[in-house]
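What follows is a set of notes on a single structure, which appears directly below.
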Amino acid sequence: MLIIPLPGHDRENLRSILTGLHQQLVNLRGGGGGQRALARVISYIDWAQEARRMLRNQVRPAEAQHLVPTKSWELALTATTTFASIDPAGERLLNGFVSAELDERIHVLKRALADLTDEMERFTRPGALIILDTTCFIEHRDKLEDLDHAAAMCAGTDDIHIIVPMVVIDELDGLKRVHDKKWRASYTLAYLDKLLPSPDQIGVIRPSGLHQLMAGGELRGSVTVQILFDPPGHVRAPIADDEIIDRAVAVQSLAGRRVWLATIDTGMAFRGRAAGLNVLKMEKPDDDEEQPRSSGKRRGKAGNGSGAAAEVHKIQNPAERIIRAGEAIAASKQDEAELKRIRRAALEELATDLTYAEIAARTKLNEQQVGQLLGTLKPTP
């Protein structure tokens, strides 16, 4: 179980407490050779009671119970009354019991201290830490690699480190089966999978100093992303939004500085502010604005454009849709914008599974045209 300081409590203070408690146990274990068993039991119970007092306002009750189980010193008292009258066998058995319990507590505290230190170091990287909720991946007009959080957060040239809780990954997996969200969910998961081939890797979305056209050509810091896995023993909140908030607050406690929560949801924004997070409320696109969706549909609209655009939109096969959209664009300017959007959406649908060369072979385009229409200039995979 990962031990995390409660909101508002200093992470270094918790680490200092854990270090002191661990050392006290080591000293108690090492000095057992010359002590009577009963004295060792009393020393252990004294340590356990003081440890619980010190941890009471630092960590959650479940975490304190994991470090210093109340049952342990209750068993110690029971063992004392059971074995103390049996001498010398009782002395030997009681000493063995106390030594085993000390060894177990030493191991648990050592592991907790190491895990806490690792997590603290993980979030000491410079720049802004931002957690995206699921709506940012599904509802925003821009895909993950196109988002310009630095401008919205007034971060200037600071680095941006995006953290994606595992519960968000699970929600995206579920949305792959929802008709009007499946393309965006599938695309995001495929992008993250490509960017993060190993569990603890930090993926670089954009390197430092890249000119961002969306921000008027201003320089930006690097943008990286990392998955936040559930720690061992973690029990998720029953509501996904509450779980995301919980993980964001945990990161804030471990990082020792404010964490941003990005969301399109108003309710989520209220929850984030109430939890003491910085909240970046992102705008949801209007129904009439263009969005890169696999079906080419606009949220809340029954149809798309008129005339040629409406006919092309009905075509089920995305490759055929691309071909017919291109022909219609060449023939008439009436629905050019809508047809281009339909073609772009169909291209994005194919690009989740096919290379540029394979797309070109199916759509009467060449590879360079595919890259240009998708808004990328990367070489053929």
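The values are calculated or read from the model by the stated rules, or taken from the named source; none is laboratory data. Note that the structure is a prediction, hence the values are computed from the model and not measured. So basically every Cβ, Gly included, is an ideal-geometry build from the backbone, and we count neighbours across all protein chains shown. We work out accessible area using only protein heavy atoms, side chains counted, and drop any ligands, DNA or RNA first. Shrake-Rupley method; radii C 1.70, N 1.55, O 1.52, S 1.80 Å.
For D246, the test of being closer than 21 Å to A128 by Cβ, surrounded by 14 or more Cβ atoms within 10 Å (Cβ to Cβ) and among the charged types (D, E, K, R) is passed.
Is it fair to say P61 is touching a Gly at 6+ places or on another chain (Cβ under 7 Å), open to solvent by 80 Å² or more (accessible area, probe 1.4 Å) and closer than 29 Å to M120 by Cα? No; evaluated as a whole, the condition is false for this residue.
In region 362-375, the residue that is modelled with the highest pLDDT out of those that are part of a loop (DSSP other than H, G, I, E, B) and surrounded by fewer than 16 Cβ atoms within 10 Å (Cβ to Cβ) is N366.
Residues of region 161-210 that are surrounded by fewer than 16 Cβ atoms within 10 Å (Cβ to Cβ) and polar (S, T, N, Q): S198, Q201, S208.
Of the residues that make up region 38-49, is at least one surrounded by fewer than 17 Cβ atoms within 10 Å (Cβ to Cβ), at pLDDT below 80 and over 14 Å from A112 (Cα atoms)? The answer is yes; a qualifying residue exists. Taking the listed residues L147, L192, L196, L175, the one that is among the aliphatic types (A, V, I, L, M) and over 30 Å from V235 (Cβ atoms) is L147, with no other qualifying.
So that you can scan it fast, the table gives a plain yes or no per residue for (1) surrounded by 14 or more Cβ atoms within 10 Å (Cβ to Cβ); (2) at pLDDT below 85:
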{"site": "P69", "(1), (2)": "yes, no"}
{"site": "G90", "(1), (2)": "yes, yes"}
{"site": "L129", "(1), (2)": "yes, no"}
{"site": "E145", "(1), (2)": "no, yes"}
{"site": "T157", "(1), (2)": "no, yes"}
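If you check I359, I323, I329, I342 for being at pLDDT below 75 and not acidic (D, E), only one passes: I329. Taken residue by residue, region 15-33 has at least one member that is modelled with pLDDT of 90 or more, surrounded by 16 or more Cβ atoms within 10 Å (Cβ to Cβ) and charged (D, E, K, R).
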